[in-house]
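Structure first, commentary second.
Values quoted throughout were computed directly from the atomic coordinates according to the rules given, and no laboratory measurement underlies them. All values derive from a computational prediction rather than experimental measurement. Note that each Cβ is placed from the backbone with ideal geometry, even for glycine, and that neighbours are counted across all protein chains shown.
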Amino acid sequence: MEKKAVKDSRVVKTSMVLPPDTNQHGTMFGGKLMAYIDDVAALSATRHARVPVVTASTDSVDFLYPINPSDSVCVESFVISTGTSSMEVFVKIISEDLYTGERRIAATAFLTFVALDANKKPVPVPGILPETEEEKKLHERAAQRSQMRKMRREESRRLAEFLTTKKPWE
């Protein structure tokens, strides 16, 4: 399977931050931003694989700066590494004060998606060709993030075995 350039999976969504998008602190709801993140990341993974995909994990969403109602929010995603059927997608969130033009990275996230066939079974995906310095830097640490992800998943499995499914009032 031929490798694909990172740029071929790039997705950008820009939105105004409106009052209904904000919390009691007057900044953008984290959950609203997380929905944007999953949406654009899924589009990037689908563009890369050209088959249906499912979110397998969200490694982290690191909120670095608040996003204000006077800002626009630009959510940019692209596939940064691949496994056999999995794709790691990087998402950067840029806030822009629409009155001053100041832009900054407000948040970052890494998500993993799995490509599926018509029977919802994993299928192989093309490899990735990072070209820019940003893409190369993110790609070179992919193996470390993958290892950390496997450790977290195993810990989650152990925790799930311990947890109860009983109703709290029983």
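Between amide H atoms placed 1.01 Å from N, distances below 5 Å from Gly83 occur with Glu88, all of them 5 or more places distant or on a separate chain. Among the trypsin sites (Lys or Arg not before Pro) in the stretch 16-65, those located in a DSSP loop and surrounded by at most 12 other Cβ atoms within 10 Å of their own Cβ are Arg50.
The sum of -39500 (n - 2.57) across all DSSP H runs of n ≥ 4, divided by the residue count of the chain, sets its helix-only mean residue ellipticity at 222 nm to -9500 deg cm²/dmol.
Our compactness index for the stretch 38-137, the C-alpha radius of gyration over the empirical 2.2 N^0.38 Å, is 1.20. Over the stretch 10-88, with a single point scatterer placed on each C-alpha, what log10 of the ratio I(q)/I(0) does the Debye formula yield at q = 0.11, 0.20 1/Å? Once normalised to I(0) and log-transformed, intensities are -0.33, -0.89.
The Stokes-Einstein estimate for the stretch 74-117, based on a Kirkwood radius over Cα pairs and taken at 4 °C with 1.567 mPa s viscosity, is a diffusion coefficient of 109 µm²/s.
Applying 1/(1 + (r/R0)^6) with R0 = 25 Å to the Cβ-Cβ distance of Asp39 and Leu64 gives a FRET efficiency near 0.80. Here the chain is treated with +1 on each Lys and Arg Cβ and -1 on each Asp and Glu Cβ, and its dipole about the Cα centre works out to around 660 debye.
Neighbours of Asp8, meaning other residues whose beta-carbon lies under 15 angstrom from its beta-carbon, give a summed charge of +2 when Lys and Arg score +1 and Asp and Glu score -1.
I want to make sure I understand the PRE zone here: with the label point 7 angstrom from the Cα of Asn23 toward its beta carbon, which residues in the stretch 41-62 have backbone N atoms less than 17 Å away? It comes to 60-62, nothing else. Got a sec? Charge dipole of the stretch 1-98, +1 on Cβ for Lys and Arg, -1 for Asp and Glu; which of Ser44, Ala5, Phe90 is way out at the positive end? Of the options given, the answer is Ala5. Every Cα-Cα pair of the chain was included, and the share exceeding 22 Å stands at 50 percent. What residues from the stretch 62-83 fall in the zone where the backbone N is under 14 Å from a label point 7 Å along the Cα-to-C-beta line of Asp97? Output list for this probe position: 66-72. Placing unit charges on the Cβ atoms of the charged side chains and taking the dipole of the chain about its Cα centre, the candidate lying farthest along the positive direction among Val79, Leu163, Pro69 is Leu163.
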